[in-house]
Structures are given as structure tokens and as C-alpha cells.
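Inspection log for the structure reproduced underneath, given as C-alpha cells.
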Amino acid sequence: MNTSVKFAEEHMDRFVSELFEILKIPSISADPAYKEHMATTAKLIQDYLIKAGVDKAEIMETNGYPVVYGEKIVDPSLPTIVVYGHYDVQPADPIELWDADPFDPVIRKTELHPDGAIFARGSCDDKGQMFMHVKAFESMKNTGELACNVKFMIEGEEEVGSSSLETFVKENKELLSGDVILISDTGMLSLDQPSITTGLRGLSAVEVKVTGPNRDLHSGLYGGAVANPANVLSKMIASLHDDNGRITVEGFYDKVDELSLDERKLMSEAPFSQDSFNKALNISKEWGERDYSTMERTSIRPTLDVNGMWSGYIGEGTKTIIPSTASAKITMRLVPDQDPDEISGLFTEHFKKIAPESVQVEVVLYHGGYPYVSPTNTPGYLAAEKAIDETFGKKPIPVRSGGSIPIVTMFERELGMKSILLGFGLDSDAIHSPNEHFGLKNYEMGIKTIPLFHKYFAQLMS
Ligand code: BES
Ligand code: MN
Ligand code: MN
């Protein structure tokens, strides 16, 4: 066994308790009320980087929340790994659905995590996974096994669209130069069947607002004679999918890269049980685009979903009105070669076109992001494959994920580097949901696999 892997094993208890300290700070990027906690979290990560043995660690200001940057240059002639992660987390609400305080981590056993899992907001997404790199680095540093130079770029705005990161990257190209970007912010199929994420979906986010009469109206005096924005918006939204589960926005599928039957056949070999999927979500029947499997629907096919809707009176009892407005937040997940700006444009055009004359429609565009696919023949992928094979005792399979990390495509464009998505979470870890957790075993396997990635990446690059 590598000595750094042994070191990690011996120090695992401390590695867990240190992660707890980070998880205790509510670094919620979406809500400005938590601004101070963002700064505290950044500072704590800086401290941990310094303790782990980097040459320098800095808190670098941006137009938004700061980026924690750290580096250890062992030898300029060695390859450089740029580690990306994020210290911001999603809001914890609905807080009443958590079994314990989301910012006071506890360890509990679950069916899929018989050795225990850390329950806390950010445990998996992404503080726990980001911190695996700090601890793996510490292990390599302490045992003299650093095979590559390492740069850390830990941002605080991923959950709100990474809006400051592009400028940050453009202004620091020299600082961030390297050979590969390594990210642990995704998942794997299971501990028994490891996988490497080879694709991410892109994103188009919009908000729509339908306005009818200039004020809420008495639904008795006016009902039946004035279009109700809530009724109208529901109908418009319902029409965005046809009976085959396909999105009706004109041109939406024009640039979708259709996979060959061979590629689809390969995908279908990954283990998946529709029954357990349904059971875990307590749904009696799955849904989606006709002629595609659940795995395909959540990875290689684009989607359109309402994330939130509001209109009229939602308090206690009844209030007989026709609301003046109705709104919805909608996101579309995109696949290669869809372009987020183009899709937002097509959506806007379509949504305005289907609006009846009785209402007015506004569409506001939010952040977007490009889809990503990574090749499986690069030194980075091969190093990840070898490293996982060694720690898990099984060769990982490539899997395209349905989630999005929009900056990955930007990194490639601005820094000329591919990203390797070396994630250790499970889909069932409830990221973004109440009771988010991260398996202790997953955490440990991550910390043990990362040093091997460094080792094999150095070998494959020389
Ligand atoms: N880490 C997730 C993305 C992810 C999770 C990808 C699991 C693949 C598997 C990331 O923090 C995230 O939540 N991204 C957002 C997009 C962002 C623009 C808010 C998402 O996918 O909704
Ligand atoms: Mn994340
Ligand atoms: Mn997230």
C-alpha cells in the first residue's frame, strides 16, 4: 500500500472531525444574510490548506464571494493538477424535514451506508468531497509522496451559478495554469460498482410571469369574464410537453446529439433497477420521454422542469380572487450540442407565442451553462480509472450524469484543460434535499483514491 494511503487510514478520525468544523458553518451563497459565514468558511479552508502543507494559501476577492487559492509547487517540471471545488452550500430549507440540525453534523447508519454517513448540508455537495482533496494532499505531503504539483481553487458561488468565477479565471490564467482539472463534485453508481462521470448537462434558467388584470379581482364579480393568470400559466406550462414527454419548444431538439445504438447499448449495461428507483422515491410509475430509459432520460436527453410556481392566495382558508399575476421558475437541462443562450432564446420566443391575447407575458433569463462530455482516453481519465480500480478492486465504468457544473466548459475554454470528474457521492445522498449525507466509507475511499490519481497521472504524463 502507498504510505500516503496508510497515513490517511491512520488519521481518518481526525479527518472526519475536521470536516465537521467546516460543515458547522452555514455557508449558504443564495442568501445574503449568510455573508459573514461565507468569509468564515473561506478562512477556515485557508487555515486547513496551510496546515496540510501548501506553499501558500490565499483568500482572493472577486466581485462576489472569495475564492480560496492554495498551491504546492514540488518541482516545476512535474505535471500540475488543479483541484476545483466549492465551499458554498444550498439553503437547508424546508428545515422542518431534517431529522437533525443541518449545520450540526451527526453520523448515522443507513441501508446504503452501513458504516455510517455524515448528515449535514454540504456533507456531500461539496464540502465533504472538496475536503477529501485537502486531506489526500496532507497525506501525500506528510509521507513525501507528492508526485504532482497541486493548485487548489475553491469557490463560494457554485450553487448560485459561479457568476464571478469566469472573470476570476480570465484574470488569473497564469496562476491557474496546469495539466488537468480534478473535481470531486459528482457521484458514482455505488461502492460495489464504481464509475467515473464523463458528462454533465448544461442549463438554461428562466423566470416567467403572466399578468392579467391590473389588480386581484373578486372572483364572483369578475370570474368567467376575465382570464385568470394562474389558470393560463398552468395551461401554458402543461403544453410545454406533449403526450410523448417531449418538449414542444420549436427547435429545442435541433442540436441534440443523438447517440448511436451501440453507445446506447453500452449505457444500458450499467446496473440499474427501475423498481428500486421507484421505491426509493415512493412513486408508483416513472415518467419521461418515450422510447428512452430512465438512465438515458437523466443523462443524454434534455429536460424542462418547473422549479417553483406562485400566484394568488396561499394562506389559511379561502380567498375568492382572480390573481393579477402568476409566475414560475423553469430550468432546462441541456445536452451536447445545445447552446444555453440559444435555448433561452427559443424558449422566450415560444412562450410568448403560446400566450393568449388575454394576458401579458414576461420572460427573465438567468444564468446558464454549457453541457460537457469528457473523453475516456486522456491521461486524466486513465489515471482515474487505474486509481479507482486499485482502491475499489473493480474497474470503474464511464457514466454521463444529469447534473450540471457549468464552469467546467469555461475552464476548458479559458484554461485549455479538461476536467476529470472524480466523484464519490451516491445519487441517494440527498444533495440539495433535507437530510443530505455522505458515507464515511465514501469519504475514506475518496481520500485513498486521490493520491493514486496523482501517482498515475504523473506516470502517464512522463
Ligand atoms: N455538485 C452539483 C452538480 C452535480 C451533482 C453533478 C451530482 C453531477 C452529479 C452542483 O453543486 C450543482 O448542484 N449544480 C447545479 C447547477 C448550478 C448552476 C446551480 C445543478 O446541477 O442544479
Ligand atoms: Mn456541487
Ligand atoms: Mn449543488
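Data overview
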read-out: Flag for residue 282 being loosely packed, with under 11 Cβ neighbours inside 10 Å, on the phi > 0 side of the Ramachandran plot and not assigned by TED's automatic domain parsing to the domain that holds residue 112; value: yes
read-out: Matching residues, segment 57-112, being loosely packed, with under 15 Cβ neighbours inside 10 Å and within 16 Å of ligand 3 (Cβ to nearest atom); value: 93
read-out: Sole exception among (1) within 15 Å of residue 176 (Cα to Cα); (2) among the β-branched types (Val, Ile, Thr); (3) within 16 Å of ligand 2 (Cβ to nearest atom) for residue 89, by number; value: (1)
read-out: Any hit, segment 168-189, residues being of a type in the set (S, T, N, Q) and under 20 Å from residue 389 (Cβ atoms); value: yes
read-out: Selection within segment 123-159 - within 18 Å of residue 21 (Cβ to Cβ), among the acidic types (Asp, Glu) and more than 12 Å from ligand 2 (Cβ to nearest atom); value: 138
read-out: Residue that is surrounded by the most Cβ atoms within 10 Å (Cβ to Cβ) [pool: residues in segment 302-320 that are charged (D, E, K, R) and in a loop (DSSP other than H, G, I, E, B)]; value: 319
read-out: Unmet requirement for residue 117, which otherwise passes all of (1) away from ligand 3 (no atom under 16 Å from the Cβ); (2) surrounded by fewer than 14 Cβ atoms within 10 Å (Cβ to Cβ); value: (2)
read-out: Among the candidates 426, 415, residue that is surrounded by fewer than 24 Cβ atoms within 10 Å (Cβ to Cβ), more than 16 Å from ligand 1 (Cβ to nearest atom) and of a type in the set (A, V, I, L, M, F, W, C); value: 415
read-out: Helices (runs of 4 or more DSSP H) enclosed by segment 369-462 - at least 1 residues per element that are within 16 Å of ligand 2 (Cβ to nearest atom) and in the same structural domain as residue 193 (by TED's automatic domain parsing); value: 407-415, 440-461
read-out: Tally of residues being more than 12 Å from residue 333 (Cβ to Cβ) and either within 14 Å of ligand 1 (Cβ to nearest atom) or not small (Gly, Ala, Ser) (or both) across segment 393-410; value: 11
read-out: Lone qualifier among 99, 88 - being in contact with a Ser or Thr (Cβ under 7 Å, 6 or more places away or on another chain) and in the same structural domain as residue 438 (by TED's automatic domain parsing); value: 88
read-out: Every pair of residues 6+ apart whose Cβ atoms lie under 9 Å, when the first sits in segment 54-70 and is more than 28 Å from residue 146 (Cβ to Cβ) and in the same structural domain as residue 37 (by TED's automatic domain parsing) while the second is modelled with pLDDT of 95 or more and of a type in the set (Lys, Arg); value: 65/35
read-out: Boolean, residue 139 is buried (at least 23 other Cβ atoms within 10 Å of the Cβ) and assigned to a loop (DSSP other than H, G, I, E, B); value: no
read-out: Residue match in segment 71-83 (condition: closer than 23 Å to residue 170 by Cβ, among the hydrophobic types (A, V, I, L, M, F, W, C), in contact (Cβ under 8 Å) with a residue 60 or more places away in the chain and in contact with a Gly (Cβ under 6 Å, 6 or more places away or on another chain)); value: yes
read-out: Pair list, Cβ < 9 Å and 6+ apart or interchain, from segment 33-49 residues that are under 12 Å from residue 156 (Cα atoms) to residues that are in a helix (DSSP H, G or I); value: 41/22; 41/127; 45/22; 45/127; 45/130; 45/131; 45/134
read-out: Test result for residue 299, closer than 30 Å to residue 194 by Cβ and buried (at least 17 other Cβ atoms within 10 Å of the Cβ); value: yes
read-out: Close pairs from segment 267-283: first within 12 Å of residue 189 (Cα to Cα), partner among the aliphatic types (A, V, I, L, M), Cβ under 9 Å, at least 6 apart; value: 270/189; 270/295; 270/397; 270/399; 271/189; 272/189; 272/295
read-out: Condition met for residue 45 (under 17 Å from residue 104 (Cα atoms), assigned by TED's automatic domain parsing to the domain that holds residue 161 and crowded, with 22+ Cβ neighbours inside 10 Å); value: no
read-out: Residue check for residue 373: among the β-branched types (Val, Ile, Thr), away from ligand 3 (no atom under 16 Å from the Cβ), farther than 23 Å from residue 301 by Cα and in contact with a strand residue (DSSP E or B) (Cβ under 7 Å, 6 or more places away or on another chain); value: no
read-out: One residue from 361, 335 being more than 16 Å from ligand 3 (Cβ to nearest atom) and either surrounded by 21 or more Cβ atoms within 10 Å (Cβ to Cβ) or of a type in the set (Lys, Arg) (or both); value: 335
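Every residue, every condition in (1) in contact with a strand residue (DSSP E or B) (Cβ under 9 Å, 6 or more places away or on another chain); (2) under 17 Å from residue 38 (Cβ atoms); (3) β-branched (Val, Ile, Thr), yes or no:
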{"position": "62", "(1), (2), (3)": "yes, yes, yes"}
{"position": "66", "(1), (2), (3)": "yes, yes, no"}
{"position": "72", "(1), (2), (3)": "yes, no, no"}
{"position": "75", "(1), (2), (3)": "yes, no, no"}
{"position": "93", "(1), (2), (3)": "no, no, no"}
{"position": "104", "(1), (2), (3)": "no, no, no"}
{"position": "110", "(1), (2), (3)": "yes, no, yes"}
{"position": "121", "(1), (2), (3)": "yes, yes, no"}
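The values are calculated or read from the model by the stated rules, or taken from the named source; none is laboratory data. Being a predicted model, the structure only gives us computed values, none of them experimental. Using ideal geometry, Cβ is built from the backbone for each residue, glycine included, and neighbour counts are taken over all protein chains shown.
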